[in-house]
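For reference, the structure discussed in these notes is given below.
The values are calculated or read from the model by the stated rules, or taken from the named source; none is laboratory data. Since the structure is predicted, the reported quantities are computational estimates derived from the model, not experimental observations. Don't worry about glycine lacking a Cβ; one is built from the backbone with ideal geometry, like all the others, and counts go over all protein chains shown. For accessibility, only protein heavy atoms count, side chains too; no ligands or nucleic acids. Shrake-Rupley method; radii C 1.70, N 1.55, O 1.52, S 1.80 Å.
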Amino acid sequence: MSSSFFIKTKGNPKTTKKGKETAAVKRKADGDSGGQSKIRAKKSSSKYNEEISSDSEVEPNMSKKRQAKEEIEFEETPQEKKLRLAKLYLEQLKEEEKKVEDESFEADLIAGRLQEEVLEQKGKLQRLIAKDLMPPDASEIRVLRGHKLPITCLVITPDDRCIFSAAKDCSIIKDVENGKKLHTIHGGRKGTEDRHVGHTTHILCMAISSDGKYLATGDMNNLIMIWEGETCKHLYKFTGHKGPVSGLSFRKGTHDLYSASHDRSVKVWNADENAYVETFGHQDVITGLDSLSRERCVTAGGRDGTVRVWKIAEESQLVFHGHGSIDCVQLINEEHMITGADDSSVSLWSVNKKKPLGTVKQAHGCHGDPGLEQPHWVSAVAALHNSDTVASGASSHNSQVNVWKCGQNYRGLQLLFSVP
């Protein structure tokens, strides 16, 4: 019994040992799986931590600003805070003051321009620039050549970049400031009017529209030619005068053209429509003409010694009497003008006065032997519009241009300098 008992017991330890080994293996396996789960847990927790950290970086700048602000608030003393706020307030005041100054400057500028426009329309604008003018140095005077016979007239384009000149050789030349010729319209021989595009006799006058679109020229053949200002292309001709065309002027801001002639008439044309408008007359040969923006023009009556202001819309005229043969006239503004005569006098006029406001006699002196002196004939006058500066040119015996300063309210003339 006991031996069998012991035999059975011997067999059991094997089983027990095997069971122990199996249990150990199982525990090891369980331990391994527990370790792996711990590793997974660590991984997942690290992943979770990473996700949290990436979410926390969405607004790093805002948090930094808040921290900085909090630090400033915590670090600033009450005195420092008051000082900082006071500085900010002063900066705001300076910015507002600058803004107000800028707005005030713009308002003053606009008001000044509007006031100038009103004064210009009333003919009372007088910019005082004569005091700043200096006589040109001889080296600054540029001579442009190209015409074969004496030059009779010229105009400057509205942008001050080009010059048109015309002469007794029937040609028209367009130059730029540096002396380079841009276009030349050659004159033709007398009798070739039917086949030649251009003038075939002396050109006496020319005018350019205020936008530079049209150029008009008038000649001894009673013709007015209209050209394209940019290209010098011939557009058309106006016929109707019965004598040489002595004066041309475009109304400022329009393409209405006024023309004066030795046939004692003034005609109105429209360059856009290639049309004649109307005619009104003088008592003698008309030697000069000018206009500005109003629907009126002024003419010099030559030997009849008058200057006339023609009110086109009202079909009326104002007559002003001078002395000598008044051969040239130029408007300074809508209310004042300057004239030159063959007795060497230069006069300032107002449309509200029948007599000159001021006259300079023998403005260009005399020539000839003692006792037989003859005054230099004033053949041209010019004005810097809406200013106190005018100029006059004399005949070939004198060959100089005098620049004058107009007195206050255009009363009197003072010689500034002469240009030979």
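Quick check: is even one residue across the stretch 230-245 assigned to a loop (DSSP other than H, G, I, E, B), under 17 Å from SER171 (Cα atoms) and of a type in the set (Gly, Ala, Ser)?
No: zero hits.
Inside the stretch 345-368, can you point out the residues that are modelled with pLDDT under 90 and of a type in the set (Gly, Ala, Ser)?
Of everything in the stretch 345-368, those that are modelled with pLDDT under 90 and of a type in the set (Gly, Ala, Ser) turn out to be GLY365, GLY368.
Could you tell me whether ILE326 is closer than 17 Å to VAL381 by Cβ and aliphatic (A, V, I, L, M)?
Yes; evaluated as a whole, the condition is true for this residue.
From the list SER165, SER171, exactly one residue is over 25 Å from VAL390 (Cβ atoms) and modelled with pLDDT of 90 or more. Which is it?
Result of the check over SER165, SER171: SER171.
Of SER379, SER325, which residue is open to solvent by 20 Å² or more (accessible area, probe 1.4 Å) and within 20 Å of ASP284 (Cα to Cα)?
Answer to the selection: SER379.
Filter the stretch 307-336 down to residues that are polar (S, T, N, Q) and within 17 Å of TYR258 (Cβ to Cβ), then give me how many there are.
Going through the stretch 307-336 one residue at a time, the tally reaches 3.
Considering only residues that are of a type in the set (S, T, N, Q) and either free of Cβ contacts under 8 Å to residues at least 24 places away in the same chain or exposed (fewer than 15 other Cβ atoms within 10 Å of the Cβ) (or both), which ones fall in the stretch 211-244?
Correct list: THR231, THR239.
Contact list please: Cβ distance under 8 Å, first residue in the stretch 350-363 and open to solvent by 20 Å² or more (accessible area, probe 1.4 Å), second residue among the basic types (Lys, Arg), pairs at least six apart or on different chains.
Every condition considered, the pairs that remain are LEU357/ARG411.
Give the stretch 390-415 a look and list any residue that's open to solvent by 60 Å² or more (accessible area, probe 1.4 Å) and assigned to a strand (DSSP E or B), or say none.
VAL401, LYS405, GLN414, LEU415
Go through the stretch 337-349 and report how many residues are open to solvent by 20 Å² or more (accessible area, probe 1.4 Å) and closer than 14 Å to VAL298 by Cα.
0
Going through HIS183, HIS147 one at a time, which residue ends up being modelled with pLDDT of 85 or more and not in a loop (DSSP other than H, G, I, E, B)?
Being modelled with pLDDT of 85 or more and not in a loop (DSSP other than H, G, I, E, B) holds for just one of HIS183, HIS147, which is HIS183.
Residue by residue through the stretch 137-181, note down the ones that are in contact (Cβ under 8 Å) with a residue 40 or more places away in the chain, under 23 Å from the mean Cα position of the chain (by Cα) and open to solvent by less than 50 Å² (accessible area, probe 1.4 Å).
VAL155, THR157, PHE164, LYS174
Taking the condition of a type in the set (Lys, Arg) and on the phi < 0 side of the Ramachandran plot, does ARG264 pass?
no
Considering only strands (runs of 3 or more DSSP E) fully contained in the stretch 289-387, which possess at least 1 residues that are closer than 28 Å to ILE151 by Cβ, hydrophobic (A, V, I, L, M, F, W, C) and touching a Gly at 6+ places or on another chain (Cβ under 6 Å)?
Passing ranges, in order: 296-300, 326-331, 336-341, 346-350, 378-383.
Within the stretch 397-416, can one find any residue that is small (Gly, Ala, Ser) and more than 24 Å from SER246 (Cβ to Cβ)?
yes
For the stretch 295-306, what are the residues that are within 10 Å of TYR258 (Cβ to Cβ) and among the polar types (S, T, N, Q)?
Once the filter is applied, which keeps residues that are within 10 Å of TYR258 (Cβ to Cβ) and among the polar types (S, T, N, Q), the stretch 295-306 yields only THR299.
Can you tell me how many residues within the stretch 182-201 are open to solvent by 30 Å² or more (accessible area, probe 1.4 Å), touching a Gly at 6+ places or on another chain (Cβ under 9 Å) and in contact (Cβ under 8 Å) with a residue 24 or more places away in the chain?
Count: 2.
Go through the stretch 249-294 and give me each residue that's within 14 Å of ASP327 (Cα to Cα), among the aliphatic types (A, V, I, L, M) and open to solvent by less than 30 Å² (accessible area, probe 1.4 Å).
Across the stretch 249-294, the qualifying residues are ALA260, ILE286, LEU289.
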